[in-house]
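Before any comments, here is the structure.
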């Protein structure tokens with residue numbers, strides 16, 4: 001089982017499926033019990049983990065293979081889904097931390113934000129997805145800061161504790 005930072009490797013996008021933007025993921029472990037994912041992370045060519053909300057997902061048996069069909073929100077055409085072919089797909093930490101059945105959410109909204117010294121910075125109030133990289137909006141002392149969710153500014157996150165650890169915030173000071 002491969003892991004990259006706090007991410008757990010799930011598989012690779014092998015093809016676009018249908019006209020509405022569905023993708024097919026070849027799972028690393030075909031016998032893996034698939035929980036109901038709310039968010040999956042696609043690793044970009046630049047190495048960033050881009051979160052994608054899952055609208056629908058299904059594991060289907062086809063000729064003794066088990067492709068994992070996924071429809072991401074905001075991916076609405078075969079052209080858009082085709083751009084993801086070849087990308088690796090990850091989950092946060094352990095798969096069970098992402099299951100809807102256990103009532104847990106992989107959304108970072110509501111996570112507490114701390115700097116590397118452990119000082120409270122604020123709370124994540126929104127997530128935005130761009131082609132370049134994901135963004136999180138942090139509310140701190142009545143003001144909001146939009147921060148790229150990339151290694152330059154994110155030191156890590158702890159899904160079990162619903163924490164995001166940030167760094168280099170001084171670059172956003174006015």
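Read the figures in this text as sums done on the coordinates, not as results from a lab. The model shown is predicted, which means the values in this text are computed figures rather than measured ones. As a convention, Cβ positions derive from the backbone with ideal geometry for all residues, glycine included, and neighbour counts pool all protein chains shown.
Data table
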read-out: Computed label-point distance, nm, for sites residue 135 and residue 58 using a 7 Å Cα→Cβ extension; value: 3.6 nm
read-out: Spacing of the two label points (7 Å from each Cα toward its C-beta) at residue 107 and residue 158, in nm; value: 2.3 nm
read-out: Where labels lie 7 Å past Cα in the beta-carbon direction, separation of residue 115 and residue 143 in nm; value: 1.4 nm
read-out: Whole-Å distance, taken between Cα centres, linking region 136-174 and region 69-89; value: 27 Å
